[in-house]
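Worksheet: one structure, shown below.
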Amino acid sequence: MNRIEGRVKVTGLATYAAEYPAEGVAYAFAVQSRIAKGRIKRVDGGPALELPGVLAVLSCEDPPAMSEDADPELALFQRREVAYRGQIVAAVVADTYENARAAAAAVRVDYDPDDHDVTLSAGHPGLYKPDVVNPGFPTDVGKGDVEAGLAEAATTVEVTYETPVLHNNPMEPHAALAYWDAEGRLLVYDTAQGTSISRDLIATALGLPQEQVRVVARHVGGGFGSKGTTRPQAVLAALAARAVGRPVKIVLTRQQMFDVTGYRTPTIQRLRLGADAQGRLTALEHVAYGQSSTLIEFAEQTAVPGRVMYATPALRTTHRLVRLDVATPSWMRAPGECPGMYALESAMDELAYAAGLDPVELRIVNDAETEPGTGLPFSSRDLVGCLREGARRFGWERRDPAPGIRREGEWLVGTGVAASTYPARRMPCQAVATVLDDDFLIQVAAADIGTGARTALTRIAADTLEVAPERVHVELGDSDLPRAPVAGGSMGTASWGSAVVRACEELKRDGKQGRADTAEEIKGDAELARHAFGAQFAEVRVSSVTGEIRVARLLGVFAAGRIVDPVLARSQFIGGMTMGMGMALMEETLTDAEFGGFLHRDLAQYHVPVCADVRDVEAVWLDESDGELNPMGTKGIGEIGIVGTAAAIGNAVFHATGHRVRELPITPAKVL
Ligand code: MOS
């Protein structure tokens, strides 16, 4: 089955947020703080207002009315305090985008700067232990005596890994069009991973009843987490539309996206592992340091994979956070699990070398029968199957474990392995299924952020209704549709699909229409540990002359429940793995310690893999039948592809060169 919106997308007919036409539309352009901390003394919009086409200048000099309950990152122009460099401090509205942008440069902002602090370190005096980490996990989970486990171990590894600030770079920039419609409702076309939640946040920020706000996002050009929370452009478009009494459009520049759409927190991760003579873990400790802003406590759950992955009698996982003069971090594909598994799976590789064991076998002997952090049984877990199938396909048995000995001309060649994991959750969702003559209409406020959600939901509905997919029409991407959770946390298909199945079942009973709300059904989910697992294998070639690193092969094997659509699933897996390659070798946003903000602010500086970098990436999956999950038997697949990839590549670089790099990205300078 082809992707339903494939044709309109590749022919340019799919309409994205900034592309909707609107009568008398005006354009807004943001003015950003040039200091990292301090107070705005004065915003002088006078010179800007004299420029051609300028309609208004918004700033804290005349704060637009907003609710006190607004999310602090969305409470635009409400305070004179500056929390980070790049924060939106004013905006110009004009008749054209070019006029708005030119006038924004003429807005004069005077500051009273304070000393700022933008640097995360493991010795920072401001570090503290958050009460909970995202999305509500305890900060600490542990059991047994880690010190005793390390003391009795035959082999120990104590290592620190660091990951940099990383930025999502969806192809569609963050954009919005807002206006008040004829009925007095605020309509926002937004780049959103969830229109229900975006509607709630915009209504809260503006102090409007929810039913007076509608958010539409029929096509979204990628999000990866950066559109999972409402970003300032949506609120700015609404404030500007209210100020000038016209529809207002805003499109962030790529540079602005680095400042105001969130980022993956940098991490410092300390791991201590102990193993007995057979390689069985005697202790596992994972301490993760991350940062947040002074505005919001965003505590990423970096140390949680240790609670899931391996059997150990002694476990300690904990988090430390420091509030810096930086923008608030946000979600980036597999937040928590991705950087956490980079460190854990790299440390497991170091343990395998220290113990003289094969890294595939080390993981197999430490496979957990119950979830280590909770003792709960798994609904299903086939990490071992993924490792064995991956080893077979990859040709692992021919591998000589000795590092730094395979040479082809100037190239050093090595292979590495790492495990993957991601939780299989679902959230309450509503859906309506209606008979339309010979066809069926499925309505749910789901979001298709490029994943193929429409297609997956069409298949799920057609399966349940036992009709051809051509007779099913899925309507999504509109907050006026039945309430749905975000496309995030790899929960979209599981959450929306559950509601779609129930609505279709009800339709079959009723004959005309079925309505579903899974809130009660989800409460009945039994107490089980639900996760997808995988194994990733990488082959790298490292130039001994230039340090250039080429990924010759990547293979991912996943056990992720039932796969609804093989074409879409493969794209998700290899997309995640490609993003993991970027994390391993290229992606890094440097923070400007002197002035605050970020030094990398566009795609010329922030490097992501291009086609020439991606030689041979393959993803396969094991059939997994898990009846404890949801009516479809699916686990999420949007995020697990990026989990473990960077570790597999880093482990392969070690195998190639004999040199362990513990700070991402692994650039030529670090391996030479
Ligand atoms: Mo994704 S980081 O769950 O939007």
Determine, yes or no, whether residue 489 is under 30 Å from residue 668 (Cβ atoms) and assigned to a loop (DSSP other than H, G, I, E, B). no
Inside the range 102-124, the number of residues satisfying the requirement of being surrounded by fewer than 16 Cβ atoms within 10 Å (Cβ to Cβ) and not in a strand (DSSP E or B) is 7
Look at the range 108-129 and say how many of its residues are farther than 16 Å from residue 267 by Cα and in contact with an Asp or Glu (Cβ under 7 Å, 6 or more places away or on another chain). 3
Between a first residue in the range 185-196 that is over 14 Å from residue 480 (Cβ atoms) and a second residue that is more than 15 Å from the ligand (Cβ to nearest atom) and among the aromatic types (Phe, Trp, Tyr), which pairs have beta carbons less than 9 Å apart while being 6 or more apart in sequence or on different chains? 191/16
So, of the residues in the range 93-110 that are of a type in the set (Gly, Ala, Ser) and under 32 Å from the mean Cα position of the chain (by Cα), which turns out to be farthest from residue 26 (Cα to Cα)? 104
Determine whether residue 127 is surrounded by 15 or more Cβ atoms within 10 Å (Cβ to Cβ), more than 16 Å from the ligand (Cβ to nearest atom) and without any contact (Cβ under 8 Å) to a residue 40 or more places away in the chain. no
1 or more residues among the polar types (S, T, N, Q) and either touching a His at 6+ places or on another chain (Cβ under 9 Å) or at pLDDT 95 or above (or both): qualifying strands (runs of 3 or more DSSP E) within the range 392-478: 411-423, 430-436, 439-443
Matching residues, the range 164-209, being within 16 Å of the ligand (Cβ to nearest atom) and assigned to a loop (DSSP other than H, G, I, E, B): 167, 168, 169, 170, 171, 172, 174, 191, 192, 193, 194
Would the range 497-508 turn up any residue that is part of a loop (DSSP other than H, G, I, E, B) and at pLDDT 95 or above? no
Do you know which residues across the range 461-510 are without any contact (Cβ under 8 Å) to a residue 40 or more places away in the chain, under 16 Å from residue 448 (Cβ atoms) and β-branched (Val, Ile, Thr)? 472
Filter result for the condition that a residue is in the same structural domain as residue 324 (by TED's automatic domain parsing), surrounded by fewer than 16 Cβ atoms within 10 Å (Cβ to Cβ) and not β-branched (Val, Ile, Thr), over 663, 639, 587: 663
Name the single residue that is farthest from the ligand (Cβ to nearest atom) among those in the range 474-511 being out of contact with any strand residue (DSSP E or B) (no Cβ under 9 Å at 6 or more places or on another chain) and of a type in the set (Gly, Ala, Ser). 495
All but one of (1) within 30 Å of residue 289 (Cα to Cα); (2) under 31 Å from the mean Cα position of the chain (by Cα) hold for residue 391; state the number of the condition that does not hold. (1)
Just checking, which of 140, 200 is modelled with pLDDT of 95 or more and not assigned by TED's automatic domain parsing to the domain that holds residue 90? 140
What tally of residues in the range 217-275 results from selecting those that are within 16 Å of the ligand (Cβ to nearest atom) and either in a strand (DSSP E or B) or over 25 Å from the mean Cα position of the chain (by Cα) (or both)? 2
Looking only at the range 283-328, which residues are buried (at least 23 other Cβ atoms within 10 Å of the Cβ), touching a helix residue (DSSP H, G or I) at 6+ places or on another chain (Cβ under 7 Å) and not charged (D, E, K, R)? 283, 284, 286, 288, 302, 303, 304, 305, 306, 309, 317, 327
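Listed here are the residues, each with its yes/no results for (1) within 16 Å of the ligand (Cβ to nearest atom); (2) surrounded by fewer than 24 Cβ atoms within 10 Å (Cβ to Cβ); (3) not aliphatic (A, V, I, L, M).
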| position | (1), (2), (3) |
| --- | --- |
| 331 | yes, no, yes |
| 335 | yes, no, yes |
| 345 | no, no, yes |
| 352 | no, yes, no |
| 361 | no, yes, yes |
| 371 | no, yes, yes |
Which one is nearest to the chain's Cα centre (by Cα), of the residues in the range 329-358 that are farther than 30 Å from residue 84 by Cβ and of a type in the set (Gly, Ala, Ser)? 346
Which of the residues spanning the range 278-327 are assigned to a strand (DSSP E or B) and of a type in the set (A, V, I, L, M)? 281, 283, 284, 287, 288, 315, 321, 322, 324
Consider residue 384 against the criteria (1) more than 16 Å from the ligand (Cβ to nearest atom); (2) β-branched (Val, Ile, Thr); (3) in contact (Cβ under 8 Å) with a residue 60 or more places away in the chain: it satisfies all of them except one. Which criterion is unmet? (3)
Starting from residues that are outside any strand (DSSP E or B) and among the acidic types (Asp, Glu), keep the ones in the range 509-538 and report whichever is modelled with the lowest pLDDT. 525
Only residues in the range 619-640 that are part of a loop (DSSP other than H, G, I, E, B) count as the first member; pair them with residues that are among the hydroxyl-bearing types (Ser, Thr, Tyr) and away from the ligand (no atom under 16 Å from the Cβ), Cβ under 6 angstrom, at least 6 apart or cross-chain, and list the lot. 624/380; 626/379; 626/380; 628/379; 630/498; 631/498
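The values are calculated or read from the model by the stated rules, or taken from the named source; none is laboratory data. Predicted model, so just to flag it, every value in this text is computed and none were measured. Every residue, glycine as well, gets a Cβ built from its backbone with ideal geometry; the counts of neighbours run over all protein chains shown.
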